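Novice: Have a look at the structure that comes next, please.
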Amino acid sequence: MTSLTTKTLLLNPLIQLKTSLPLKFRPKIASISARLDNSQQQMNLSVLRFTLGIPGLDESYLPRWIGYGFGSLLILNHLLGSDSISAAQLRTEALGLSLAAFSITLPYLGKFLKGAAPMDQTTLPEGAEQIFVMSENVSIAQKEALAWATYVLLRNTNTTSVLILTQGELCIRGYWNFPDGVSKDNVLDWFKSNIEETGLSDLTDTLYFPQTADAEFWNILPQGTQSVLVQPVLLGPNPSTNDMGNIEGFFLLASSMRYAYNEKDRAWIRAVSNKLRSKN
Amino acid sequence: MPIYVGGASLLAVLFNRAISGIAPVADASSSQSRADLLTLGLAVTNVLTGLVWLSIRPKSITPVEPQGVECQEIYSHLPESVVSEILWVWESLSAVTCCKSLVIVYDCQCIVQIGVAAKSLNIDEPFAVDAAKLMQGSLYQGVLKSGAQSYMANLSLYPGRSELPFLPSNTQAVILQPLGDRGIAVLGGDTIRGFTTSDQTWISYIGEKLDATLAKYMSSMPSVVQE
């Protein structure tokens with residue numbers, strides 16, 4: 001018989017226990033303590049999961065199957081029932097069918113829980129080349145700072161392509177694709193002209209497009225981009241001039257995943273952009 | 001949320017049976033009973049799903065205000081660029097993570113002590129960092145040997161706590177980041193398990209950058225007297 005000690009396990013999340021019961025078709029109750037790496041907070045979860053022990057079967061859809069099954073059985077019951085169907089039975093069936101409908105939609109609602117499903121992996125954009133170019137007239141210190149910033153952004157976030165424009169100088173790294181006819185030497189000029197058209201240099205606030213949208217600067221981004229983040233490089237508030245932040249340039253980050261940058265990522269990206277402020 | 005739906009419908013089914021005057025016998029003989037049983041089964045499924053969802057909700061942990069003195073001490077002989085880099089590191093860490101104290105020891109001396117520090121005995125001054133003692137301690141040696149970051153998510157569980165007397169006594173989490181093989185950065189946070197994995201990776205990259213910067217400037221200076 002199922003022992004109800006699993007109830008006490010709910011209170012002590014650090015116990016890892018799998019009780020497998022002798023009867024073949026009883027559900028296995030597994031209590032897992034897990035840390036999800038892809039979520040915002042560090043969560044110590046105690047997940048009580050019902051698993052039938054069948055590999056490859058996603059148990060979160062179980063309410064949906066149960067809803068379909070029981071719902072159809074209810075309807076069958078109704079049709080095969082005796083001639084007079086009492087009002088009470090009709091009430092029960094109505095209740096049962098609404099519960100079945102609710103169960104069917106449960107897995108869909110469950111996806112919106114915090115910490116539910118992991119995100120899909122980054123896919124590389126097709127037909128894109130990996131490049132790393134930088135404007136010529138940058139100081140050595142600035143070169144190092146740009147190289148480190150682009151490196152860290154590509155490694156640590158879900159970014160596939162990064163473009164930094166600061167103090168009129170460009171640094172581009174990652175996967176980009178350009179139209180034919182643009183050779184390696186002209187790359188910088190091509191980007192410069194396109195960027196001037198988009199007017200991103202005058203941006204004062206962070207722009208974040210978590211899903212593909214019809215933004216005007218889409219033509220320079222590699223194909224397959226799904227989220228874009230534009231972070232302006234702001235000077236801190238200057239008390240002498242009443243200007244709230246002169247803009248020195250911006251960071252453009254593109255990713256092939258949707259919702260690629262969560263709150264924490266964006267905070268770190270803001271911090272990295274502060275590094276490239278000029279010091280005065 | 002499904003718990004309420006499931007629980008309410010459970011009660012509704014039983015109530016329904018009760019008021020329709022049917023004998024409370026749970027058998028599958030009449031179609032009414034069968035319908036009741038199916039509905040009961042659905043209600044139970046909902047209740048259980050609700051239980052599963054409950055356990056998925058993250059436990060929220062409150063931050064603990066660190067007790068101590070605010071300080072910002074940076075070794076005075078560092079060049080301007082290094083100082084601004086260190087200030088940038090502190091600004092980012094305190095803004096993005098739960099870090100409330102930062103101590104950097106490099107080449108056997110304490111370079112930086114920013115944030116909240118423990119109070120010295122009897123006086124209102126921040127507790128000075130004894131770099132030599134720290135470097136001989138087991139925490140530093142362990143981190144140096146492994147070359148990797150060490151994250152103590154719940155500081156009260158670690159006996160090595162006594163080697164970090166300069167951190168406020170109620171610091172909740174500590175990250176020890178080695179800076180190459182010449183130094184260490186100690187970050188104190190105000191929440192248990194407050195540093196996420198992404199924070200940890202960012203901190204290790206920042207540690208590498210700091211090590212590169214400090215190494216460049218320390219090697220170009222004559223050997224300094226330990227303070």
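Novice: So which strands (runs of 3 or more DSSP E) stay within region B:99-182 end to end and still have 1 or more residues that are not assigned by TED's automatic domain parsing to the domain that holds B:GLU80?
Specialist: none
For every residue, the table says whether it meets (1) out of contact with any helix residue (DSSP H, G or I) (no Cβ under 6 Å at 6 or more places or on another chain); (2) among the basic types (Lys, Arg); (3) touching a residue at least 60 places away in the same chain (Cβ under 8 Å).
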position	(1), (2), (3)
B:THR49	no, no, no
B:VAL69	yes, no, no
B:HIS77	yes, no, yes
B:VAL96	no, no, yes
B:LYS100	yes, yes, yes
B:PHE127	yes, no, no
B:GLY147	yes, no, no
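Novice: Among the residues of region A:134-149, write down those that are touching a helix residue (DSSP H, G or I) at 6+ places or on another chain (Cβ under 9 Å), surrounded by 14 or more Cβ atoms within 10 Å (Cβ to Cβ) and free of Cβ contacts under 8 Å to residues at least 60 places away in the same chain.
Specialist: A:MET134, A:SER135, A:VAL138, A:GLU144, A:TRP148
Novice: When you scan region A:256-273, do you find a residue that is part of a strand (DSSP E or B), within 14 Å of another protein chain (Cβ to nearest Cβ) and modelled with pLDDT of 75 or more, even just one?
Specialist: The initial filter retains those residues of region A:256-273 that are part of a strand (DSSP E or B), namely none.
Looking for residues that are part of a strand (DSSP E or B), within 14 Å of another protein chain (Cβ to nearest Cβ) and modelled with pLDDT of 75 or more, one finds none in region A:256-273, hence no.
Novice: Of a type in the set (Val, Ile, Thr), under 30 Å from A:GLY71 (Cα atoms) and out of contact with any Phe, Trp or Tyr (no Cβ under 8 Å at 6 or more places or on another chain): is that true of B:VAL64 in this structure?
Specialist: Here the answer is no, as B:VAL64 does not meet what is asked.
The values are calculated or read from the model by the stated rules, or taken from the named source; none is laboratory data. All values reported here derive from a predicted model rather than from experimental measurement. With ideal geometry, Cβ positions are generated from the backbone for all residues, glycine too; neighbour counts draw on all protein chains shown.
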